[in-house]
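Here is the structure we will look at.
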Amino acid sequence: MGALVIVMCVGAVCAVAGALAYTGLWRSWIRRNASTQIFGVGWLGLSVLSLGVAMTQFDGPFLALAGVFMTAFVVSGIVGLCLSLGMLRWATPRWYRDRTRR
C-alpha cells in the first residue's frame, strides 16, 4: 500500500504541474523549453493518478469504478504520450498556440 501512495503522490504532482501550465498560471517554463512536453507530463501524471485510484478500488465493492479509472488511465496515457512526443497540437491551450505561432 505504501508504494501505491507514493505513485499517487508523484502522479498528483505531475498533474498539478500540467494543470498550472494549461491554465497559464505557470508560463515561465516556456522561456527555457517551448515544447509540449510539460503538457504531456501533466496528462501522464493524471494517468498515473488514475491508475493508483483504480488499484485501490479493485478490492472493494466499487469494481465498476475501477473500470472507469482504468479507462481514464489508458486515454490520458495515450494523450500524454502523444503530447510528450510533440503531436496533438490541438490539445494544447490557446495561449500556448498563440505564443508559439509568433
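The values are calculated or read from the model by the stated rules, or taken from the named source; none is laboratory data. Note that the structure is a prediction, hence the values are computed from the model and not measured. For neighbour counting, all protein chains shown are included, and Cβ atoms are generated from backbone atoms with ideal geometry for every residue, glycine included. Protein only, heavy atoms only, side chains kept; ligands, DNA and RNA dropped before computing areas. Shrake-Rupley method; radii C 1.70, N 1.55, O 1.52, S 1.80 Å.
Details
- Yes/no for Thr100 being open to solvent by 50 Å² or more (accessible area, probe 1.4 Å), of a type in the set (S, T, N, Q), out of contact with any helix residue (DSSP H, G or I) (no Cβ under 7 Å at 6 or more places or on another chain) and in contact (Cβ under 8 Å) with a residue 24 or more places away in the chain: no
- Residue ID - nearest to the chain's Cα centre (by Cα), chosen from residues in the stretch 48-66 that are in contact (Cβ under 8 Å) with a residue 12 or more places away in the chain and farther than 20 Å from Ala17 by Cβ: Ala54
- Considering residues of the stretch 70-97 that are of a type in the set (Ser, Thr, Tyr) and either free of Cβ contacts under 8 Å to residues at least 40 places away in the same chain or touching a strand residue (DSSP E or B) at 6+ places or on another chain (Cβ under 9 Å) (or both) only, the residue farthest from Met8 (Cα to Cα): Thr71
- Residues of the stretch 52-89 that are crowded, with 16+ Cβ neighbours inside 10 Å and part of a loop (DSSP other than H, G, I, E, B): Leu88 alone.
- Filter pass, Phe39 being in a helix (DSSP H, G or I), closer than 19 Å to Met1 by Cβ and open to solvent by less than 80 Å² (accessible area, probe 1.4 Å): no
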